[in-house]
1. What single numbered condition from (1) within 27 Å of residue 87 (Cβ to Cβ); (2) outside any loop (DSSP other than H, G, I, E, B) fails to hold for residue 351?
2. Out of region 387-424, which residues are at pLDDT 95 or above and at positive phi?
3. Here's a check for you: in region 174-198, which residue that is under 15 Å from residue 215 (Cα atoms) and touching a helix residue (DSSP H, G or I) at 6+ places or on another chain (Cβ under 6 Å) is surrounded by the fewest Cβ atoms within 10 Å (Cβ to Cβ)?
4. Kindly indicate which of 362, 327 is in a helix (DSSP H, G or I), within 28 Å of residue 429 (Cα to Cα), outside the structural domain of residue 83 (by TED's automatic domain parsing) and in contact with a strand residue (DSSP E or B) (Cβ under 9 Å, 6 or more places away or on another chain).
5. If you check every pair at least six apart or on different chains, which have Cβ atoms under 7 Å apart with a residue in region 524-535 that is at negative phi first and a residue that is surrounded by 15 or more Cβ atoms within 10 Å (Cβ to Cβ) and assigned to a loop (DSSP other than H, G, I, E, B) second?
6. Within region 134-161, track down each residue that is in contact with a helix residue (DSSP H, G or I) (Cβ under 7 Å, 6 or more places away or on another chain) and on the phi > 0 side of the Ramachandran plot.
7. Only one of 112, 124 is touching a strand residue (DSSP E or B) at 6+ places or on another chain (Cβ under 7 Å), surrounded by 24 or more Cβ atoms within 10 Å (Cβ to Cβ), farther than 24 Å from residue 341 by Cα and not assigned by TED's automatic domain parsing to the domain that holds residue 392; which?
8. With 334, 388 as the choices, which residue is in the same structural domain as residue 428 (by TED's automatic domain parsing), within 22 Å of residue 46 (Cα to Cα) and surrounded by fewer than 24 Cβ atoms within 10 Å (Cβ to Cβ)?
């Protein structure tokens, strides 16, 4: 049954700049047959009861009914334990006369099983609408808590989608953090990143797109967004912090901050997320894209994405019933790891020791720390890929939730084959009490972090008030980077009790950083860094001599005590090699950030609620 949900709105704020816009078959549950025969390696038989595979020969009405039933169960299941993956074999789904209209709820992945996004075509829509939080689900409708869902590797043909009125002609993707949109091909209509039909335009706070080809795109109320290595027909507007990296058709950023665009012609380092696909013989495989430097546009424009193919038979396909001992034994034997949908209790570390190992989660597979464990420990080896995994803190304090490399190790690595984290999310609190010193610690050199949301919960079902949460959900630091030559594309870190991000390694690069300071310090005394008022949301170590950030935002909402001050949003060493490009702070309605960076920039105070304070370049040219 769904957990009780939050009955009042979160308090993120946004200014909507573009308003008044005019704009499947029976699900086959894939489970082992009721016989003595084990599941066949390399087939979907292994993938478990929460994975459903659709075939284009199935009646549209039955597919629609199965998807509608899951959406009804998941649309309000924000802190629940149910997890689902819906996979579509190559072919066409829906018609102009009977379009397939998919709505995506919490902890749901919708993905095509083609080698290319063009191999699976949805004639219809795949959408997320505003969630209505009060008055029995009819009022307070917004997208601020539309978290934890995944869409990718398919084509959406909106023409003839069967809707009229406000929703005609647009595919709505009204989401916030921990929502991944990858390898999407939208061939018609408009892509709207807000829902302007449910109670009119409302707040949203996302988000991430990669390796996708999109038509005219409406940003709407999205406060921040990263679009990476994609193509867009057009982009309508921005709110606070819109970053484009390696995007064909991206808007120019010459007039920053009006509009607030940050545009990089190419992405310095990228690697697309691994994906399941079915080959011509019907066998299941995982494609692992290669790392690329200084690229733009989609990876599949000229054929199959460059990389390597690993048959599913080379994976240990795990379920929550499998022990960590069994998982580690399989990894030690040279198997890769596929985590099927579910919540896994992790009492000791999953140890990834071999180079080029792939750990792929589907359907928002979630690893929960037990007895203060570190759920994932990656050795100092090159080429490891961790993707599609959520890591939750447990009720006993963990030193760290995911560690990449030893803190004082030799740090062997490969610039051409970086260890990569794609769509890896962290939670401290929310579904239950959580405690950790650090969520993500990166000690290895040459690591790529491609989209993460590292969240100490500002709300949840733990049974505590907002004031009590400060002393019950312990999360001191979100991300610590000690390795050199680490790149982050889409780094979202929120609500930690000291520095949210600490970057100690040399030659680091971040492309889009978003942070909300903690909502819940009870007093100024609880929010002091020695003699300094507060902890910066983004800290570059004092000894660092080379670091680059493109597009960063720090937000403040001290709801427990609006008199609290934070001296600086960003804190960095004053040296020519440390460069911050297009950064800002904003007041969401309580508390004060006195300066943007190192004493530079006006205060984000109660006179500027919802009005960002920008610094275009630091240090000033």
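1. (1)
2. Within region 387-424, 388, 405, 423 meet the criteria.
3. For region 174-198, the residue satisfying everything is 185.
4. Result of the check over 362, 327: 327.
5. 524/564; 527/521; 527/534; 527/564; 529/535; 535/498; 535/499
6. Listed by number, the list holds a single entry, 153.
7. Within the list 112, 124, the selection yields 124.
8. Only one candidate passes the filter, namely 334.
The values are calculated or read from the model by the stated rules, or taken from the named source; none is laboratory data. In this text the structure is predicted, and so the values were computed from the model without any measurement. Note that we place each Cβ from the backbone using ideal geometry, even for glycine, and neighbour counts take in every protein chain shown.
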